[in-house]
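Derivation of every value follows stated rules applied to the coordinates shown; laboratory data play no part. Keep in mind that what you see is a predicted model, and the values were worked out from it rather than measured. Glycine gets a Cβ as well: all are built from the backbone with ideal geometry, and neighbour counts include every protein chain shown.
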Amino acid sequence: MALGTLAALAFCLIAFLASGGVNLAPNTWVQVGLIAGAAATVIALLLLGNRGRAWGGFTFSWFAALAAFTYASIAWSVQPANSWLEANRTLSYLGAFAAALVLGRLFPGRWRALVGAAAVATTVVCGYALLVKVFPATFDPGDPYGRLLAPYGYWNAVGLMGALGLGPCLWAGAQREGPVLVRALAAPSIAVLLAALLLASSRGALLAAAIGAAVWFLLSPLRLRAALVVAVGAAGGAAIAAWGLSRRGISADSVPSALRVSAGHTFGLVIVLALCLTAAASLLAVFALDRVQLSARAQRRVAISLLAMVALIPVAAVAGLAASRRGLTGQVSHVWHSLTNTNGSVGDQPGRLVDLSNSRPHYWSQAITVGEHHLLAGVGAVGFATAQPSSSGPVWDPQHAHVVHAHGYVVETFADFGLLGLAISLGLLGAWCVATARTLELRWLRGPRAPPESASAAIGPARASVAERAGLIALLSVAVSFGVHSLIDWTWFIPGTAVPALACAGWLAGRGPLSAPIGRLPRSRRLRRAPGATMAIAVTAVVAVLAIWVIVQPLRSFDSYSAAETAAIGGNAGAALSQAHAAAVENPVSVDPLFLLSVVYNRLGNPTQARHELVLATSRQPSNPQTWQELGCYDYAHHSPAAAAELDRVVRLQPASSPAIGDPAAFCAGAPA
């Protein structure tokens with residue numbers, strides 16, 4: 001109970017504190033917490049861990065290699081300051097994965113805690129997103145969008161949380177043991193998850209949810225019980241979403257505040273009514289599941305009927321395509337063109353759920369182009385945001401604004417890390433798949449051998465094995481849903497969505513085979529008799545402190561930079577110089593402090609030192625067109641002949657800027673003089 005409560009609180013705290021993953025200060029402290037938690041679990045392993053095979057160790061090694069490669073990319077990155085931040089994020093993710101891996105080894109019987117924590121955290125986050133729509137003036141009066149944004153500020157992340165919670169909630173409702181109230185709450189939780197998913201209008205999250213649910217129903221030994229749970233929950237969620245999507249005050253953009261508030265209050269009543277009805281139906285379903293015992297023959301008939309219904313979906317889709325005005329082949333061609341059109345776009349209205357057009361092909365084509373120009377090792381972690389214009393040729397279409405992420409793990413990894421990064425990521429995926437298959441004792445695609453669903457056929461250890469397998473399949477569905485969504489979006493950059501998935505993945509890798517748990521010692525090791533463990537604990541503590549220092553440095557630099565800006569605005573040049581120099585030392589790959597130093601020195605009448613800071617910026621980030629722009633514009637303003645070569649360097653790094661640089665006076669209008 002305590003472990004599950006702590007995990008749920010941690011997941012919720014990360015979601016609300018880290019938000020969209022872009023605010024430096026809260027994300028830094030989240031990363032510090034993850035590293036500290038990982039160090040604590042490793043020390044617990046050294047003190048309490050039983051001897052046995054290092055399950056998940058190979059997977060951890062690949063993950064560590066990815067983190068190390070991310071840090072190494074700072075050396076060749078086009079934007080090393082951003083790469084440092086991304087390396088810190090990757091290191092903290094490694095810590096979350098390692099902590100779950102160790103806990104799965106030490107406490108293999110506590111799997112319910114993690115499954116329950118995932119179910120509770122996703123429901124809380126999605127419930128909060130709906131609550132913002134109910135009380136918009138209280139929680140987010142400035143939100144102009146109809147799609148759900150809170151707490152991440154990104155609708156697809158909200159939708160993904162709805163997808164991640166489906167597997168754990170299916171387990172909670174389908175399990176044979178446990179309090180009746182807990183099992184009855186599973187369907188209302190599913191209603192909240194699905195309502196948030198649909199109101200976020202996230203097509204990628206729908207795909208992730210469908211594949212995650214498919215994993216559950218394909219592998220879980222409780223699939224028939226879960227079918228009733230999901231049917232009840234889906235009915236409630238569909239009712240909530242249908243009402244919300246049909247009301248302009250809920251789902252439309254830029255709606256007057258009064259209309260939003262009025263529609264929100266009514267929406268709250270609809271949610272309460274739908275959840276009450278769903279809970280009542282769920283309670284009846286729980287009692288029915290506990291009292292009705294189906295024979296093996298009846299179970300097969302029900303399973304065949306459900307499979308037939310699912311199989312009819314693609315048949316109906318093909319029939320619909322054939323009956324369309326374009327015909328089957330014409331409609332397929334149209335669908336393919338819509339999915340791959342690099343000039344495609346889609347609005348934010350609810351109709352986007354059935355619209356095939358999207359902007360992903362444009363982002364992906366840009367990322368592929370960047371990767372082709374830096375084939376082996378890429379442009380450095382999150383370098384795509386800086387490097388993409390250098391490979392874009394002509395000026396972009398206005399509808400395709402500059403984007404920070406390539407909206408897809410594979411293409412972004414290719415752009416940022418090249419073929420080496422893809423190879424490491426593939427190795428990590430392969431190692432994790434092998435470890436997970438070993439944990440679940442899967443036999444290729446035939447699924448696990450498990451007793452039938454009737455309670456009488458699963459008693460004692462066999463029944464416990466069935467229960468745990470169902471719980472671990474729920475964890476697998478979380479990891480798979482997250483992985484699928486990461487293929488088509490950038491939500492792996494958001495800790496609130498990534499950490500729960502990494503925790504589930506780590507537990508699966510470190511648990512070891514179902515039939516061979518390792519567990520912990522009955523008593524802690526005596527360090528006086530275990531010098532090796534003592535040394536390992538000391539090394540762990542030192543590494544953790546060093547990692548935390550590395551993670552905190554960019555934040556320290558940012559704080560010093562902010563203080564320098566404040567001092568410069570206030571006319572205190574001495575304090576501004578002191579704080580800016582401190583910021584430059586604390587983050588030796590950032591150029592922002594150097595730009596500020598140049599401005600301050602220029603105001604003090606020291607143009608030589610002002611230019612020196614800009615030259616130093618080009619040496620820190622020689623592949624970043626911004627550094628050459630700042631230097632070139634400075635020299636242009638001071639009538640230096642070096643400006644021509646420096647601005648030409650900008651064009652070579654960023655061809656899209658060529659037309660603008662044709663008029664240097666206008667191009668440099670905003671540069672420091």
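General observations
- Total formal charge among the other residues, if their Cβ is under 12 angstrom from that of residue 106, Lys/Arg +1 and Asp/Glu -1: +4
- Cα-based Kirkwood hydrodynamic radius, the stretch 516-613, one decimal, Å: 16.6 Å
- Contour minus Cα-Cα distance for residue 609 and residue 639 (0.36 nm per residue): 9.1 nm
- Pairwise inverse Cα distances across the stretch 546-667, averaged and inverted, put the Kirkwood hydrodynamic radius at 15.1 Å.
- The simple spin-label model puts a point 7 Å past each Cα toward its Cβ; for residue 585 and residue 3 those points are separated by 4.6 nm.
- Placing a label point 7 Å from the Cα of residue 420 along the Cα-to-Cβ direction, no residue of the stretch 598-633 has a backbone N closer than 15 Å.
- Potential lengthening of the chain between residue 556 and residue 269 amounts to 98.6 nm, from the contour at 0.36 nm per residue minus the alpha-carbon distance.
- Gap separating the Cα centres of the stretch 110-145 and the stretch 522-545, nearest whole Å: 40 Å
- Between residue 49 and 521, the built amide H atoms are under 5 Å apart, and every one of these is 5 or more places off in sequence or on another chain.
- Highest-first packing order for the peptide set 471-484, 254-267 is 471-484, 254-267, based on the mean count of other beta carbon atoms within 10 Å.
- Projecting label points 7 angstrom from Cα along Cα→Cβ for residue 227 and residue 669 puts them 6.7 nm apart.
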